[in-house]
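Some notes on the structure that comes next.
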Amino acid sequence: MSNGFSTSRMRRLRKNASLRTLFQETEFKLSDLILPIFVEEEVSDFGVIEAMPGVLRIPESRLAAEIERYARAGIRAVMTFGISHHKDDVGSDSWREDGLVARMARTCKQAVPEMVVMSDTCFCEYTSHGHCGVLHGDTVHNDATLVNIGLQAVAAARAGADMIAPSAMMDGQVQAIRNALDAAGFVDTGIMAYSTKFASALYGPFREAAGSQLKGDRKTYQMDPMNRREAVRESLLDEQEGADALMVKPAGAYLDIIRDVREASRLPLAAYQVSGEYAMIKFAAAAGAIDEARVVRESLGAIKRAGADLILSYFAMDIATEGV
Ligand code: PBG
Ligand code: ZN
């Protein structure tokens, strides 16, 4: 029955599940996901993180077995974060040949050589003050930090890390790392820059997870969440400095930025669904307010739809094991 005028009947393609699947525009796959992991040295038990239910700190002695378990579940990439018991003023353990950063990379690659190992490259987990670099007075000294970040990148590369992922938000860090890697002969080690990283309150649970000592904030080096043009500049600078892939972090509240960077660059783009995003979903689900599995898929799908190629997510193992 015609009603006499032409109507766009959007519901035709929504009539049943087969049609909906056929016409779905965006899909995320397990192989798009990178699992961030926390590895603690000098402990023998898994550690509970109150603010991140379901995520555990892995004792270093169990790391190899965990990596094997992730690989069996279909995880292809991890991002390593160390929980150090050897903190000092500058974070020197992070560039020691036998420091935690190097040992994590070595252990992961030995356990599962085909696992892509990305080494989070920063100092806040290794400094006694918790800042992401060398403190001069009460500010983080940019260029002094660049020297050390090159050392850490080379130590991680030598230990077998596939990708260096600098997250310190120092100006020039990508170029410093590229130069240091090339000079040491690691021309094939890639750089996935945390290129647009905001000073976000959504990192709260991570700071508990990582045992951060930080007092104050990171607003002199991480970006103001309200700045959209600057966000694109940040990523484009990292591209010019030689990054192989870019990243926007956090993800869910920054979909406009993901889209902007996607359109401004042809590099692969990652987005980091951070600890606070994870916690919001977990606690809302525990309270019975939302359906966890559906919200997880919706949140990851939306991040892809915005333009991310890769997603770092603490839900990666849930997706792998339960198909969540
Ligand atoms: C440290 C770092 C942080 C995260 C990744 N690397 C915290 C911060 O910048 O304070 C956050 C990850 C998360 O919240 O899941 N450079
Ligand atoms: Zn840091």
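With contacts taken as Cα pairs under 8 Å at a separation of at least 6 residues, the range 219-307 carries a relative contact order of 27 percent. Projecting the Cα atoms of His141, Val78, Ala65 onto the charge dipole of the range 30-322 (Cβ charges, centred on the Cα centre) puts Val78 farthest toward the positive pole. Which one of Cys132, Gln173, Ser313 is farthest out on the positive end of the charge dipole of the range 30-322, using unit charges on Cβ (Lys, Arg +1; Asp, Glu -1) and the Cα centre as origin? Sorting the options by dipole projection puts first Ser313. Between the Cα long axis of helix 173-183 and the first principal axis of the chain there is an angle of about 60°, rounded to the nearest 10. Restricting attention to the range 30-322, lysine pairs at least eight places apart or on different chains and with alpha-carbon atoms under 16 angstrom apart total 5. Compared with the dominant Cα axis of the chain, that is its longest principal axis, helix 292-306 is turned about 80°.
For the peptides 253-260, 134-141, residues were scored by their other Cβ atoms within 10 Å and the scores averaged per peptide; the highest-first order is 253-260, 134-141.
Summary value for the range 1-136: 22 percent relative contact order, contacts being C-alpha pairs under 8 angstrom separated by 6+ residues. Rounded to the nearest 10 degrees, the inclination of helix 229-240 to the longest alpha-carbon principal axis of the chain is 60 degrees. Any idea how far the Cα center of the range 40-78 sits from the one of the range 212-247, in Å? Going from one Cα centre to the other spans 28 Å.
Do you know the relative contact order of the range 30-322, to the nearest whole percent, from alpha carbon pairs under 8 angstrom that are 6+ apart?
Answer for the range 30-322 is 18 percent.
Taking the fewest neighbouring Cβ atoms within 10 Å as the starting point, the ordered list for Ile37, Ile303 is Ile37, Ile303.
Using the Cα gyration tensor of the range 30-322, with a ≥ b ≥ c the square roots of its eigenvalues, what is the shape: rounded (a/c below 1.5), prolate (a/b larger than b/c) or oblate (neither)? Rounded, because the longest to shortest axis ratio a/c is under 1.5.
Can you bin the range 123-255 into rounded, prolate or oblate? Criterion: square roots of the alpha carbon gyration tensor eigenvalues sorted a ≥ b ≥ c, rounded for a/c under 1.5, prolate for a/b above b/c, oblate for the rest. Verdict is oblate for the range 123-255.
Exposure proxy ranking for Met247, Met10, based on other Cβ atoms within 10 angstrom of each Cβ and starting from the fewest, stands as Met10, Met247. For the range 30-322, the dipole from Cβ point charges (+1 on Lys and Arg, -1 on Asp and Glu) about the Cα centre works out to 480 debye, to the nearest 20.
Where a number appears in this text, it was derived from the coordinates with a stated rule and is not lab data. Please read these numbers as outputs of a predicted model, since none were measured by experiment. Virtual Cβ from ideal backbone geometry, glycine too; neighbours counted across all protein chains shown.
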